[in-house]
1. For residues that are in a loop (DSSP other than H, G, I, E, B) and modelled with pLDDT of 85 or more, tally how many sit in segment 1-51.
2. For segment 248-279, enumerate the residues that are over 16 Å from D608 (Cβ atoms), surrounded by 14 or more Cβ atoms within 10 Å (Cβ to Cβ), of a type in the set (A, V, I, L, M, F, W, C) and in contact (Cβ under 8 Å) with a residue 60 or more places away in the chain.
3. Can you tell me which residue in segment 204-243 is surrounded by the fewest Cβ atoms within 10 Å (Cβ to Cβ), limited to those that are over 52 Å from the mean Cα position of the chain (by Cα) and under 19 Å from D189 (Cβ atoms)?
4. Considering segment 244-288 alone, what residues qualify as being modelled with pLDDT of 80 or more, more than 31 Å from the chain's Cα centre (by Cα) and under 28 Å from V171 (Cα atoms)?
5. Of all residues in segment 130-146 being more than 30 Å from R111 (Cα to Cα), in contact with a Gly (Cβ under 8 Å, 6 or more places away or on another chain) and not β-branched (V, I, T), which is surrounded by the fewest Cβ atoms within 10 Å (Cβ to Cβ)?
6. Would you call V392 within 42 Å of the chain's Cα centre (by Cα), surrounded by 22 or more Cβ atoms within 10 Å (Cβ to Cβ) and either in contact (Cβ under 8 Å) with a residue 60 or more places away in the chain or closer than 23 Å to E36 by Cβ (or both)?
7. How many residues does segment 204-238 hold that are within 30 Å of S256 (Cα to Cα) and touching a strand residue (DSSP E or B) at 6+ places or on another chain (Cβ under 6 Å)?
8. Does R609 satisfy the condition of being under 30 Å from F351 (Cα atoms) and at pLDDT 80 or above?
Amino acid sequence: MKLSEVSIQRPVLATVMSLTILLFGALCFTFLPVREYPDIDSPVVAVTTVYRGASAQVVENEVTEVLEEQLSTIEGIKVMSSSSQEQVSRITIEFALKRNVEEAANDVRDRVSRVRGSLPLTVDDPVVAKQDVNAQPIIWLSLNGSRYSLLELSDVGKNVLSERLQRLDGVGAVIVGAARNYAMRVWVDPQRLAAYGLTVDDVERALTEENAEIPSGRVEGHGREFSVRTRGDLNKPEEFAAIVISDRDGRVVRLSDVASVVLGAEDDRSAARYNGIPSVGLGIIKQQKASTVEVAHRVKDALKNLKGLLPAGMNLETAYDSSTFIEDSIHEVVISLAVAFLLVILVIFVFLGSLRATLIPVVAIPVSIIGAFTVTYFLGFSLNILTLLALVLAIGLVVDDAIVMLENVHRHLEMGKSRMRAALDGAQEIGFAIMATTIVLVAVFVPVAFLTGRVGRLFNEFGLAVAVSVLISGFVALTLTPMLCSRLLKRRALGTGPEGEESALGHDEDASREAPRTPAAGIRSPVEEEGGLSGFDRFFQALHHGYEALLRRAMRHRGGVMVGMLVALALIAVMFRILPSELVPTEDRGLIFSIIFAPEGATLEYTDRYLKQAENVFKSMPEVASMFTAVGLSGSGPGRVTDG
């Protein structure tokens, strides 16, 4: 084969080609994002609408049903589900895998905008958002302190920590969970309001009109002009209390006459604790293409500096870190990869019996495995458990072609040819056979990449990783392997020493193609020359005789062999039917999630009381390292105080 011939005659070229594959693979490996599994989630779009003060029944009739009727006509919907709760309508639409999530979200926004006029006037604008697995927090930090209120913790979390965390490379957003924003709380006394002949609408109108900063124009002179600023936005409770609600016949009624004004939380219908201490959660969301492990490391490295910015008595701790399990899983697979590599080397050495001969096929392993990362990177794949398992499987496959090439070159070498001529003739003879075996292996794994559905998404990267590794191994077997054979292999069956091995380059063509010579008298066999291998050879000779005897018995009892084979096939079919099936095996992540649902109409205090009882149960277990509890949390819109 011409490729092998060029590689043998130009060893530097063969070496550089393999080193180039190795270099590009190692470079792309550093850019690959790390995650647990490939992205197999279906495109999901959620529509969240807040109708403040409305009951669940009103939300369903006035909001959810109106939106569902319009959204149900969108193309490619697989499943659409809705939930109507107090003040909040949530509609979740799952599209077919082939649907682009960006196009699906645009279609949903278009349909929602068509029916916006049919919704109640006081309802908030519906929020359309893609539910991407990458949009989920990979780390939750707990900001807590027994001496601080949730308002103070929320203020530090938003204004001090959140801004600095968002500046970290790879961080897409920071969620402040269970946060409470400062707001003026106006508690109206209905009896005093009625005594003045006023209504809540009068109070609302006065607050809207008096607490506003409006443009006031400018004052122009002959030589100068000034912008006029009318200070209308109020900041202190005393300023709100002085707002005039009514002025009838010179009788002024202020807000303080009918209500009490205090500085408090905008929404106090949620609570969170970390290990029993009131807490605010900071959820770190990574960017879509960023590596989970790398972003987690950057966040944890930044914690030391962030803790120095906190007031005395305020703590910042890691409550949940999804990268820990990913790192542990990847570490286990890497160990399996290393063990498989060492076992392959050991098996090759045992069968070939020579360190020089072992080195030749072993070189194909790193070139093929690391080279596969180049294609993995440019196809947009990630470094996950399945791609690493594919490489573990490929370790045993990528050495096959190199071993076949090595054995054939060694056979020609034992015929008395020089190393160069043996490599040229051996590669010429076996080149197309190696191409055929490589194509067959690739044909087995490539169709896995074209499977449809969620299973296809899961094994897409697996199949292509194996196929690319095998392709590279075939290239190495046709280039680097014969070149190494022409330089490293020794002739053991003939008595000619190294001085008898002439270079085929520049050598007389007729002399290089002379008929194979026979061993000289008195020359010992390889086993005799290397006495340490004689015991090993005797073992395999006994194994050969045993197999031959077993094969002869099987040939004499063909009917029994066929019956045994049919019984084995039947057992395989039965076991396949009774074995439980699942998408991925269940793994122990060391985490327990408990959800508490209180009766409809329960208050925050009612739900929190039972949640504290559950906390006490978990605290009594010595295995529990940390615990995060929350009531009324929600990803978007007001949460439900009955959920904990």
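1. Kept after step one, since they are in a loop (DSSP other than H, G, I, E, B), are these residues of segment 1-51: 1, 10, 32-33, 35-43, 51.
Next cut, modelled with pLDDT of 85 or more only: 10, 32, 51.
Here the count works out to 3.
2. Across segment 248-279, the qualifying residues are L255, V258, A259, V261.
3. Within segment 204-243, the match that is surrounded by the fewest Cβ atoms within 10 Å (Cβ to Cβ) is E238.
4. Scanning segment 244-288 gives I277, P278.
5. By that ranking, first place goes to S146.
6. No; evaluated as a whole, the condition is false for this residue.
7. Of the residues in segment 204-238, 5 are within 30 Å of S256 (Cα to Cα) and touching a strand residue (DSSP E or B) at 6+ places or on another chain (Cβ under 6 Å).
8. Numbers: under 30 Å from F351 (Cα atoms): no; at pLDDT 80 or above: yes.
Answer is no for this residue.
The values are calculated or read from the model by the stated rules, or taken from the named source; none is laboratory data. Treat the numbers as computed from the prediction; the structure is a model and nothing was measured. Note that we place each Cβ from the backbone using ideal geometry, even for glycine, and neighbour counts take in every protein chain shown.
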